[in-house]
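Encoded as structure tokens, the structure appears first; notes follow it.
The values are calculated or read from the model by the stated rules, or taken from the named source; none is laboratory data. Keep in mind that what you see is a predicted model, and the values were worked out from it rather than measured. FYI the Cβ positions are ideal-geometry reconstructions off the backbone, even for glycines, and counts take in every protein chain you see.
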Amino acid sequence: MLNFIARRIASIAIVMAVVGVTVFLMLRLVPGDPIAILAGDNATQDQIDAIRKNLGLDDALPLQFFRWASAVLKGDFGISIFSGVPVLQLIGERLEPTVSLTLITLFVSVPIAVAAGITAASKAGSLVDRTLMALSVLGFSAPGFVIGYVLIYFFAITFKWLPVQGYAHLADGVWPWLQRLILPAITLGFAYVALIARITRTAMLDVLAEDYIRTAKAKGVAPASMLLRHGLKNAGVPIITIVGIGISVLIGGAIVTETVFNIPGVGRLVVDAIQKRDYPVIQGITLLLSAAYVLINLLIDLTYTIIDPRVRY
């Protein structure tokens with residue numbers, strides 16, 4: 001087990017190094033000059049050059065990268081070019097809305113998706129199966145912003161059951177906090193539920209075709225016990241895999257969802273930073289999101305070893 005964990009941690013270090021280099025280079029190679037935006041339309045070239053020199057952006061790219069990477073290894077992600085606020089402080093101020101939205105979506109979507117996949121597999125070929133799979137195709141195909149605006153139109157504007165946009169901190173009360181996250185969570189969870197439901201159905205169909213399932217049926221094992229105890233447990237690895245992979249769906253979808261519902265989270269911060277070419281903010285957020293993603297996948301891999309010990313070797 002220790003060797004398995006050591007190998008995974010080593011691979012994480014390599015992935016993070018590649019992500020850091022890629023993000024650093026891509027930001028500087030794409031069109032757009034943050035210094036020109038910062039200086040304003042009336043700035044002279046001398047003023048622009050002075051600001052660039054003051055920020056160290058006139059140095060050679062290898063020197064800029066070495067300086068930035070050295071600071072990151074010390075826990076310093078730099079300072080925003082435009083606000084002058086440390087990147088970690090900016091992210092910390094926006095973290096609660098994003099974490100709240102992601103966790104609610106995760107804890108609600110996974111049980112619903114797994115239940116839908118099991119139901120579809122147990123009734124393969126029936127109207128229930130075809131309906132659930134058709135809904136999953138719709139959920140995975142429809143753009144998140146379209147789903148969001150449809151939900152806003154019906155539940156916020158037409159019926160006035162829920163707020164249109166915005167975010168209430170948990171400290172302001174559980175219901176106001178939850179009330180403003182219901183529609184965003186449904187929007188964000190649509191594609192996630194669809195993805196997990198389809199993989200769950202496929203994995204369960206493979207397991208239900210095994211000989212030990214037929215033996216369980218012959219022995220008169222209750223259908224619910226057969227599906228959950230014998231079927232779901234042995235189909236667990238691919239389901240857990242897609243749950244981990246689907247985290248990227250949540251991370252990417254959170255950016256769109258926060259924009260649609262005007263939630264002041266990390267996703268909105270990314271959009272604003274990209275529009276302004278705020279290098280330190282974009283680099284810091286990308287690294288932290290990548291680190292969160294690979295760490296979640298490490299936890300998923302460790303879960304494999306509990307479900308199937310053969311994975312360790």
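Structure data summary
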| item | result |
| --- | --- |
| Subset of the range 19-33 (residues that are surrounded by 11 or more Cβ atoms within 10 Å (Cβ to Cβ) and modelled with pLDDT of 75 or more) | Val19, Gly20, Val21, Thr22, Val23, Phe24, Leu25, Met26, Leu27, Arg28 |
| Check on Ser290, within 30 Å of Ile152 (Cβ to Cβ), among the hydroxyl-bearing types (Ser, Thr, Tyr) and assigned to a helix (DSSP H, G or I) | no |
| Candidates Ile263, Ile240, Ile255, filtered to the one that is over 21 Å from Gly166 (Cα atoms) and in contact with a helix residue (DSSP H, G or I) (Cβ under 9 Å, 6 or more places away or on another chain) | Ile240 |
| Residue in the range 40-50 that is in contact (Cβ under 8 Å) with a residue 60 or more places away in the chain and among the β-branched types (Val, Ile, Thr) present | no |
| Number of positions in the range 47-79 that are more than 15 Å from Leu287 (Cα to Cα), acidic (Asp, Glu) and not in a helix (DSSP H, G or I) | 2 |
| Helices (runs of 4 or more DSSP H) fully within the range 180-284 counting 2 or more residues that are in contact (Cβ under 8 Å) with a residue 40 or more places away in the chain and buried (at least 20 other Cβ atoms within 10 Å of the Cβ) | 182-208, 236-245, 247-260, 266-276 |
| Per-region count, the range 230-281, residues within 16 Å of the chain's Cα centre (by Cα) and not basic (Lys, Arg) | 27 |
| Restricting the range 7-44 to residues that are in a helix (DSSP H, G or I) and among the hydroxyl-bearing types (Ser, Thr, Tyr), the residue that is nearest to Leu295 (Cα to Cα) | Ser11 |
| Failed item, numbered, when Ser100 is tested on (1) touching a residue at least 24 places away in the same chain (Cβ under 8 Å); (2) over 25 Å from Val249 (Cα atoms) | (2) |
| Close pairs from the range 10-36: first in contact (Cβ under 8 Å) with a residue 40 or more places away in the chain, partner surrounded by 12 or more Cβ atoms within 10 Å (Cβ to Cβ) and among the small types (Gly, Ala, Ser), Cβ under 6 Å, at least 6 apart | Val19/Ser290 |
| Some residue of the range 99-115 being farther than 22 Å from Ala194 by Cβ and in contact with a Pro (Cβ under 6 Å, 6 or more places away or on another chain) | no |
| Members of the range 51-76 found to be of a type in the set (A, V, I, L, M, F, W, C) and either exposed (fewer than 11 other Cβ atoms within 10 Å of the Cβ) or at pLDDT 85 or above (or both), listed by number | Ala60, Leu63, Phe65, Phe66, Trp68, Ala69, Ala71, Val72, Leu73 |
